[in-house]
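A.B. asks: Before anything else, here's the structure in question.
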Amino acid sequence: MVGVFLWRKHYLSAAAFLAVLAGVLVLEFTLKPLFGLARPDLFPWKVEVGGFSFPSGHALRGVGMFGFLAAVAACRAWCRRSGAWAVAGVVCVGVAGGVCWSRVYVGVHRPTDVIAGALAAAAWVVTCLLAREYAATRPRRNNTAAGAG
């Protein structure tokens, strides 16, 4: 997606998407050891995993990536009155939800692990979107030399 954003000359979107990805990775590698919660053992797992449970890294990354793309698609759908962009946004939300649900389904996370990961990612996505919007709309500085006024 970064390549597509760059190819289409959407540099702020590319930078914001990279910030989302970097941020959710930092959140994952900071929060998991901080909380240090073991994975649930109520049912046998359908897949083998290691590491801590809280918050869900898949939820962080899935909601981060697809949440950002859903927001971009929603903006384009609104601005261009485009049904195709609206469908793309809904698909992104569905994929993010599917990633979250799958972690509970395979038994490697509690619902609270997934909810916490999704909420943390959503907060970071909103922060990156606000920064992107500020960068796009902030007043530009005058580039004339000092005293040339």
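A.B. asks: Over region 14-68, consider all pairs of different Cα atoms and compute the Kirkwood hydrodynamic radius from their mean reciprocal separation; express it in Å, one decimal.
C.D. replies: Values: mean 1/r = 0.0813 Å⁻¹.
Taking the inverse mean of 1/r over all distinct Cα pairs, region 14-68 comes out at 12.3 Å.
A.B. asks: Here are labelled values, (i) 45; (ii) 31; (iii) 37, and one is the computed percent of Cα pairs over 26 Å apart for what I pasted. Which one?
C.D. replies: Matching the structure shown: (iii).
A.B. asks: In addition: Counting only heavy atoms of protein chains, what accessible area per residue, in Å², does region 3-95 have with a probe of 1.4 Å?
C.D. replies: Details: 5580 Å² over 93 residues.
Heavy-atom SASA per residue in region 3-95 reads 60 Å².
A.B. asks: In addition: List the DSSP H helices in the chain whose Cα atoms stretch 30 Å or more along the helix axis and whose mean Kyte-Doolittle hydropathy is at least 1.0. It would help to have the intermediate numbers written out before the result.
C.D. replies: Values: long enough: 11-35 (36 Å, 1.78); 57-80 (34 Å, 0.84); 83-105 (32 Å, 1.36); 111-137 (39 Å, 1.09).
Answer set is 11-35, 83-105, 111-137.
A.B. asks: Quantify, in whole percent, the carbon and sulfur part of the accessible surface of the chain (1.4 Å probe; protein heavy atoms only). Present the calculation step by step, with values, prior to reporting the outcome.
C.D. replies: Working: 6510 of 9270 Å².
Carbon-and-sulfur percentage of accessible area, whole number: 70.
A.B. asks: Using label points projected 7 Å from each Cα along Cα→Cβ, tell me how many nm separate Cys75 and Leu25, to one decimal.
C.D. replies: Roughly 2.3 nm, to one decimal.
A.B. asks: Just by accessible area at a 1.4 angstrom probe, what is the order of Asp113, Asp41 from largest to smallest?
C.D. replies: Asp41, Asp113
A.B. asks: So, in nm, how far is label Ala131 from label Tyr105 when the simple model puts each one 7 Å beyond its Cα toward the Cβ?
C.D. replies: Label-label distance for Ala131 and Tyr105, simple model: 3.3 nm.
A.B. asks: How large are Rg and Dmax for region 43-127 when calculated on the C-alpha trace, in angstrom?
C.D. replies: 14.4, 48
A.B. asks: Please state the charge dipole magnitude for region 13-89, taken about the Cα centre, from unit charges on C-beta atoms (+1 on K and R, -1 on D and E), reported in debye and rounded to the nearest 20. Show your work: numbers first, answer last.
C.D. replies: On the way: 7 positive and 3 negative charges, 76 e Å.
Its charge dipole is roughly 360 debye.
A.B. asks: To the nearest 10 square angstrom, how much accessible area does Arg138 have with a 1.4 angstrom probe?
C.D. replies: 100 Å²
The values are calculated or read from the model by the stated rules, or taken from the named source; none is laboratory data. Worth saying up front: this structure is predicted, and the values here are computed from it rather than measured. With ideal geometry, Cβ positions are generated from the backbone for all residues, glycine too; neighbour counts draw on all protein chains shown. Just so you know, the surface numbers come from the protein's heavy atoms only, side chains and all, with ligands and any DNA or RNA stripped out. Shrake-Rupley method; radii C 1.70, N 1.55, O 1.52, S 1.80 Å.
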